[in-house]
1. Indicate, rounded to the nearest 5 percent, the antiparallel portion of the DSSP beta bridges found entirely in the chain.
2. DSSP beta bridges in region 163-302, what fraction antiparallel, as a percent rounded to 5?
3. Any of 224/353; 92/226; 116/224; 185/226; 41/113; 166/321 with alpha carbons more than 32 Å apart? Name them for me.
4. Have a look at 251, 288, 261 and report the one farthest towards the positive end of the charge dipole of region 246-293, computed about the Cα centre with Cβ charges (Lys/Arg +1, Asp/Glu -1).
5. Ratio of alpha-carbon Rg to the 2.2 N^0.38 Å globular estimate for the chain, to two decimals, please.
6. Divide, for region 339-385, the radius of gyration over alpha carbons by 2.2 N^0.38 Å, where N is the residue count.
7. Rounded, prolate or oblate: which fits region 131-269, taking a ≥ b ≥ c as square roots of the Cα gyration tensor eigenvalues, rounded meaning a/c under 1.5, else prolate when a/b beats b/c?
8. What number, in nm² with one decimal, is the all-direction average of the projected area of the convex hull of the alpha-carbon atoms of region 27-87?
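Throughout, read-outs are computed from the coordinates displayed, never taken from laboratory work. Computed from a predicted model, the values in this text were never measured in an experiment. Here Cβ is always computed from backbone atoms with ideal geometry, including for glycine, and neighbour counts include all displayed protein chains.
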Amino acid sequence: MSRFIPLSVPNLKGNELKYVTDAVETEWVSTAGPYVNDFEKKIAEYVHVPAAVSCQNGTSALHISLMLMGVTREDAVIVPTLTFIAAVNPVKYIGAEPVFMDCDDSLCMDPVKLKKYCETECDYVDGKLIDRATGRHVKAMVVVHVFGNMADMVSILPIARQYNIKVVEDATEALGTYYTEGEYKGKYAGTMGDIGAYSFNGNKIITTGGGGMIVSNDEALLAKAKHLTTQAKADQVNFIHDDIGYNYRMTNLQAAMGLAQLEQLEDFIAIKTRNYNMYKDALDGVDGMSVIPFREGIRTNYWFYSVLFEEGDHSRDDLIKKLSDNDIQSRPIWGLISDQLPYEGSRTFELEKAPWYWRRVVNVPCSTNLTAEDCERVIEVIIND
Ligand SMILES: *Cc1c(COP(=O)(O)O)cnc(C)c1O
């Protein structure tokens with residue numbers, strides 16, 4: 001029996017145990033403690049923003065982000081249909097309604113359709129984009145940087161500006177991805193819109209077990225984020241609260257692990273790059289298969305690898321079964337969110353590519369623990385019957 005190869009698991013071989021042990025020994029284990037502030041500072045430095053605000057997870061970071069964009073239950077928020085459902089659920093937490101948008105060939109939001117939706121389905125009145133079918137104010141959009149790719153921010157941001165739509169970047173999968181050329185050269189995923197969110201869930205490129213982070217270039221906004229994530233305490237001593245706050249702050253234990261993980265992020269990306277290239281070299285063109293490329297002009301973190309079956313010689317489910325029979329974990333990409341039970345009847349706009357890709361893509365193992373030999377074994381199973 002060969003060793004089981006999981007899809008995407010944590011890699012904790014750096015200073016994790018040392019820092020977490022220190023947190024335990026000093027008995028700073030909860031939402032106060034030096035590691036939380038230090039981790040926030042180091043993340044902010046890494047992506048070149050003035051500050052960052054830690055959260056319990058990526059989902060809570062997105063929830064707070066949408067609230068800070070002023071989204072209310074009367075509003076609509078443009079979201080992708082092809083992504084993890086946590087990118088969209090926070091819209092519903094607030095009571096607002098999603099408008100599901102298609103993807104382009106990068107699997108991220110299609111800017112052409114986004115523009116067409118704004119132009120043909122909405123009226124722009126007094127600085128507000130109003131969806132004619134629902135009468136709702138389209139106040140914000142959630143742009144997801146899918147699998148560590150960069151959404152087409154060069155095209156999306158001008159549309160957002162033109163129609164006064166706030167941009168929440170869901171960069172939960174894309175920590176470390178940045179533009180290497182063009183007008184956003186040097187800008188990291190998560191830092192170009194109005195506000196951005198990262199996740200440190202166990203399957204993400206670095207993990208705190210569970211955790212998230214809010215970033216922005218607007219320090220006043222970040223101060224509000226910290227306020228809301230810490231129960232909106234207006235007076236630290238007398239328990240005076242000036243808003244409905246949340247208990248969303250990261251613990252010192254989580255941040256201790258995060259700090260150790262961040263030290264290794266660039267090494268993780270180097271491993272992910274090598275393994276991606278191995279898959280790409282071996283699989284592109286074999287039996288109508290290809291490994292979906294990342295956008296030109298960026299340094300991607302290569303978080304997840306997507307094998308595409310253009311024709312379907314190997315069908316998606318056959319491949320998943322074959323890999324599973326060989327102790328290798330893989331999965332289809334997410335079922336479209338607009339097709340999920342809680343979103344039945346939601347507003348959608350010309351969904352074409354998302355269902356096409358949904359039927360044809362399989363994610364294959366991409367952990368940073370994966371050796372070159374592991375990748376060769378996965379490739380062999382994929383290619384040989
Ligand atoms: C992981 C993920 C989230 C949520 O992050 P959690 O830390 O798991 O709450 C949100 N959006 C996308 C696209 C994700 O992949």
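1. Details: 30 of 51 bridges.
Taking every DSSP beta bridge with both residues in the chain, the antiparallel ones total about 60 percent.
2. On the way: 10 of 13 bridges.
In region 163-302, DSSP labels about 75 percent of beta bridges as antiparallel.
3. Numbers: 224/353 38 Å; 92/226 22 Å; 116/224 34 Å; 185/226 29 Å; 41/113 37 Å; 166/321 42 Å.
Those over the limit are 224/353; 116/224; 41/113; 166/321.
4. It is 251.
5. On the way: Rg = 21.0 Å, N = 385, 2.2 N^0.38 = 21.1 Å.
It is 1.00.
6. Values: Rg = 17.3 Å, N = 47, 2.2 N^0.38 = 9.5 Å.
Dividing the Cα radius of gyration by 2.2 N^0.38 Å gives 1.82.
7. Values: a/c = 2.10, a/b = 1.09, b/c = 1.92.
It is oblate, given that a/c is not under 1.5 and a/b is not larger than b/c.
8. Working: hull surface 24.0 nm².
Mean projected area for region 27-87: 6.0 nm², to one decimal.
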